[in-house]
Every structure is written in C-alpha cells, then in structure tokens.
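Take a look at this one; I'll ask things after.
The values are calculated or read from the model by the stated rules, or taken from the named source; none is laboratory data. Note that this is a predicted model, so its numbers are computed, not measured. Glycine also receives a Cβ, built like all others from the backbone with ideal geometry; neighbour counts cover every protein chain displayed. The protein model used for the area step is the full one, side chains on, heavy atoms only, and it has no ligands, DNA or RNA in it. Shrake-Rupley method; radii C 1.70, N 1.55, O 1.52, S 1.80 Å.
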Amino acid sequence: MTWMRDTVLIDGRWQRCPAVTAVENPATGEVVGQAAAATVADVDDGVRAAYAAGVNWGRTTGEQRGKALGELAEALRTRRDELVAATVAEVGAPIAVAEESHVDLAIEIIESFAAIARDTPLIERVGNSVLLRRPAGVVACITPWNYPLYQLAAKVGAALAAGCTTVLKPAELTPITTYLFCDAVLETSLPAGVVNLVPGSGSVVGPALTEHPDVAVVSFTGSTVVGRQVGRTAGELIKRACLELGGKSASVILEDADIAAAVFATVDSAMLNSGQTCSAWTRMLVPRSRYGEAVQLAATRANALVVGDPTDRGTDLGPVVSLKQRLSILAAVNGAVDRGATIVAGGPDPLPGLVGHFVRPTVLCGVERGDPVTTEEIFGPVLVVEAYEDVEDAIALANGTDYGLAGAVWSGDVDRALDVAGRLETGQVDINGAKFNPLAPFGGWKLSGLGRELGTVGIEEFTEWTAVQL
Ligand code: NAD
C-alpha cells in the first residue's frame, strides 16, 4: 500500500502543491508515500482559514463540540486498518504496537475530549463575577515522528474541545497518518477551516506558523533544541507555547520490589516503539546489593525480544525511523563503551538479513555516575542500569538529569512507593507497572517542557478567561 499525496488542506478543500517530499518505509527503504511541501503562503492561507472558522466554532456549545469530536472518533475507527498500516509503514512500529499504542490510543483520546467538551461548563460564577471560559484562538499543532497520530489526537482533541481551530504540521518523516486523520475530519460535521493541514519542512513551515500573528497558541512536541527556538519566538511575540519535549526517565526499583517483574517491565518500556518514546524508562536504578541480578535479568529480557519485520505479529521491535536516527543511537552506545560501559545485551553490530534501520535492543551497565548515556536522551532501544546506595541516593540519581517527563517506582509497599514518587521531579510516575491513563495530565518538568496535555487539564492550554463583574 502506498499513499501519494500532494495537497494541503485549507478551509475544507484539498489544494495541490507544486513540491512534494517522499516518505520512506524505515524497515525496507522503499518509498511508501509522499506529502506536500507547503510554503509560507500556504501557512498564511491555513491560518487565515482557521481564524475565520474560529468566529463560529468558538461560539459552539460543549454539546456541539462533543458531538463533532464523537463523529471524528467514529470516522477514525472506520479507517483503523489503514491508520495501522500507515503507522507500520511510516514509523516502522510493529503492528501490535501500532494498533494499541498509536491508533487505538489516539481514538480513545479523541473520545475522551468529546466527553470533556460536553462536561466542561463554559460559564462559572465566582462571587460577583461571571467567568467566561473562551477559546484562545488558532492553535498551531506541530508534531514529531515517533507517535504521529497519538500526538496529533492529544493536540487537536483538546483544542477543538476548547473551541479553538487548528493548523496541523506533521513531521517530514511521518505525514501519512496526519493526511488520513484529515480525511476522517472531512467526513464529520466539523465546519470547513476548523482543521487545516500544511505539511512541510520544520525550517519553513515551523517558523511560519510560530511567527504568524494570528496563531494564538503553538502546541509543539519534539526535541528540546527546537522547543527552545519555538519558546523563544513565542516569548518575543507574547503568545502561548505548550512544549512537550524530551526525557531521560528513571525506573526506581526499591529493594522490596518484585525484581523480575520490575526489570522485565522496565526493559519493555525502554524498548517500546524501538525506544523512540519520550516517556520511556531508559534508566533502571537498582540497589547495589541487587545490581548483578538486575543486570542479568535485563539482559535475558532484551535478548528475548524479536527484532524484525514490523508487519509480522511476532515482532517486538521494528526499525528506528531513519538512518540518521540509527547512526545517532549507535554513536551514543559507542561513546558509552569508549568511556568504559559494558554491553550486556544488543550493541552496535548490524542485524544479519535486515536491510532497514534496525538497532538491537541494548542494555548497558558499568557506567560512571553522570556519564552522558545516563543524562542525555538517546531516543533508541538503549537501557542503562545504575546502582544506588539507599533511597535518598536513588531519588538524587533519578532527579540528576535536566529532564523530568516520566518515571516508575517499584516496591512491595505502595505507600512507600508513593512517597518516593512524590519526590521525583517529573510529570508522570507509574507505580508497580500501573497502566497509562489518557485522562491524567501529561507533560514535563525542567527541559522536558512547559504545559500539560490530555484530560481536563489539557484544555486549559487552549483556554482564555474573561471575568465579567455583575
Ligand atoms: P524535532 O524537534 O526535530 O521536530 C518536531 C517537529 O518540529 C517536526 O514537525 C519538525 O518539522 C518541527 N520543526 C523543526 N524545526 C522547527 C522550527 N524551527 N520551528 C517549528 N517547528 C519545527 O523532533 P523530532 O526529531 O521530530 O522528534 C524527536 C524528539 O521529540 C525527541 O527529543 C523526543 O523526546 C521528543 N518527543 C517528546 C514528546 C513529549 O510528549 N514530551 C513526545 C514525542 C517526542
């Protein structure tokens, strides 16, 4: 299956673009699609359409927004198979991961915002004031390549529930799922111009959106380097920027934990989506007395993971998204080894018989405290095992990075785990492998970003308040 698109979506109509960029399947190197390379003029058209559509969409009731979002969830569900196929083809995610963590989660998120739109009062009373919950305006939704549909759903769902209109800019590597999302939008009663699409390069379309005077909010997910640029521009223009950036999250295994369960789940988290998950637990912190045992268990688990064809249901890890990404991961692993790290599973060697951008699930141990491999995001299937002396040391070690996106605590005593969780400088903590909750706020401390997505907290990023005194 291929997806050859050459259009931008402006005010409900597809318009042809003269320039296109190819989309590669990272498992095979084959071209599986193409997308329009939008210009600054296309961005301007998209923002104008969104701004004009906002006049009426911004005045809809929560019930109307909920109805349209419900229709969108349904339209996405009817094209689930194609969305899964496109995710496998453009991201390289194994089919089971594409189904559960990319597509079904995205649909669940749109559904959650349908309910939130219906349930959120647009007028509140405080003393002699009437508080009007109003849409902030046009939202630029700039998304990365690792979970393209999920990230889009988190932004568009919240923005539409808040009464905002949107202009979408997917990552150059993974635009296909965003096109399919827009196909679904066009099947709903959402008015023309509420969702516009301008695929294209980060260096042209990205700044054109961020700098546009009629964009009120930039909702950006991506690297900390680019997030900093977006934040700087937004600050200069006094517009809001929600920044969901990188991570280097720790899984803290306390000595009373079920160590095998904790280690296995930590390896699985680090390797999910070939390690290209911003909230992955890429550092495993274990008591020094259990270090050898934990390293062995981690190696056993990583070695058991099947790397290969992402269309095969038996595959655990597909390729990483690009050659550039593969080389950057291997450079991080080789750098750690040069500084004395030991590879206990995986490593930089190529996988025989595979032509795409594959990386072995890798476990490193024996690194110095503060080594870059323990503090810098690798964004590949690489787990580092570190030893701590006592709980205070574990907390200091977990907090010892510039990031603060996610984390885990494992203990036989939930109250003890909660106490440790409350001392981690991070936006999310899962205790004993608790499952992801799409209604809980998601976002980072420190260099992991500003603002929160998902759930009722998620719509605050797209809301302005007017207080009227009576
Ligand atoms: P990236 O920052 O290179 O690109 C992200 C998006 O920004 C892309 O659409 C890109 O085209 C666009 N962009 C590039 N330059 C821009 C500019 N100057 N102005 C505006 N937009 C611009 O990141 P990536 O390589 O696509 O994604 C990987 C990174 O994203 C990792 O660091 C990862 O941790 C992070 N990430 C964070 C989260 C989160 O929720 N915190 C989720 C997923 C990924």
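Just to be sure I understand: of the beta bridges DSSP finds with both ends in the chain, what percent are antiparallel, rounded to 5?
About 45 percent, rounded to the nearest 5.
Please list, in order along segment 198-213, the HN-Hα scalar couplings obtained from phi with the Karplus expression 6.51 cos²θ - 1.76 cosθ + 1.60 (θ = phi - 60°), rounded to whole Hz, x for Gly and Pro.
The phi angles translate into 10, x, x, 7, x, 7, 9, 6, x, x, 4, 6, 4, 8, 5, x Hz.
Further question: Could you rank Met4, Met284 by how accessible they are, 1.4 Å probe, largest area first?
Met4, Met284
Enumerate the lysines that Lys67 could reach by cross-link, defined here as Cα to Cα under 24 Å, with residues fewer than 8 away along the same chain left out.
Within the straight-line cut-off, Lys67 pairs with Lys155.
In debye, nearest 20, what is the charge dipole magnitude of segment 249-438 about its Cα centre with +1 on Lys and Arg Cβ and -1 on Asp and Glu Cβ, if you could check?
With Lys and Arg at +1 and Asp and Glu at -1, about 660 debye.
Karplus couplings for segment 286-298 from phi (6.51 cos²θ - 1.76 cosθ + 1.60, θ = phi - 60°), rounded to Hz, Gly and Pro as x?
These are the phi-based 3J(HN,Hα) values: 10, x, 3, 5, 10, 4, x, 4, 5, 4, 4, 4, 5 Hz.
Between Asp81 and Gln15, what length comes free when the chain is fully extended (0.36 nm per residue of separation minus the Cα-Cα distance, one decimal in nm)?
21.1 nm
Given points 7 Å out from each Cα along the Cα-Cβ axis, report the Ala434 to Asp415 separation in nanometres with one decimal.
My value for the distance between the label points is 1.6 nm.
I'd like the accessible area for Thr233, computed on protein heavy atoms only with a 1.4 Å probe and all protein chains in place. Round to 10 Å², please.
40 Å²
Compute the helix-to-body angle for 148-161: its Cα long axis versus the longest principal axis of the chain, expressed 0 to 90° and rounded to tens.
40 degrees
Same structure, new question: For the pair Thr2/Ser189, report the inter-label distance in nm, with labels modelled 7 Å from Cα in the Cβ direction.
Distance between label points: 4.0 nm.
What does the helix-only formula give at 222 nm for the chain: each DSSP H stretch with n ≥ 4 adding -39500 (n - 2.57), the total divided by the residues, and the result rounded to the nearest 500 deg cm²/dmol?
Value at 222 nm, helices only, nearest 500: -11500 deg cm²/dmol.
Quick query: amide H of Gly137 versus all other amide H atoms, modeled in the peptide plane; which residues come in under 5 Å with a sequence gap of 5 or more or a different chain?
Amide H neighbours of Gly137, under 5 Å, 5+ apart: Thr165.
Could you give the C-alpha radius of gyration of segment 175-312 expressed as a fraction of 2.2 N^0.38 Å, taking N as the number of residues it contains?
1.48
Given a 1.4 angstrom probe, I'd like the percentage of the accessible area of segment 129-223 that is carbon and sulfur, rounded to a whole number.
That share works out to 58 percent.
Project the alpha carbons of segment 98-208 onto their principal axes and report the range along each, largest first, in whole Å.
So the three principal-axis extents are 52, 34, 25 Å.
Once amide H atoms are placed 1.01 Å from N in the peptide plane, what residues at a sequence separation of 5 or more from Val32, or on another chain, have their amide H within under 5 Å of its amide H?
Val23, Glu24, Asn25
Something else: When DSSP assigns beta bridges and you keep just the ones with both residues in segment 311-441, what percent turn out antiparallel, to the nearest 5?
If I count the DSSP bridges inside segment 311-441, around 40 percent turn out antiparallel.
Subtracting the Cα-Cα distance from 0.36 nm times the residue separation, let me have the gained length for Glu236 to Ala396 in nm, one decimal.
Residue separation times 0.36 nm, minus the Cα-Cα distance, leaves 54.1 nm.
Please list, or write none, the aspartates and glutamates whose alpha carbon is within less than 16 Å of the alpha carbon of Lys435, excluding same-chain residues fewer than 8 places away.
List returned: Glu100, Asp104, Glu108, Asp268.
For segment 198-341, what is the charge dipole size about the Cα centre, in debye to the nearest 20, if Lys and Arg each add +1 at the Cβ and Asp and Glu each add -1 at the Cβ?
400 debye
Roughly speaking, to the nearest percent, how much of segment 249-438's 1.4 Å accessible area is carbon and sulfur?
51 percent
Rounded to the nearest Å, what's the spacing between the alpha carbon centres of segment 106-178 and segment 266-289? Just the number, please.
29 Å
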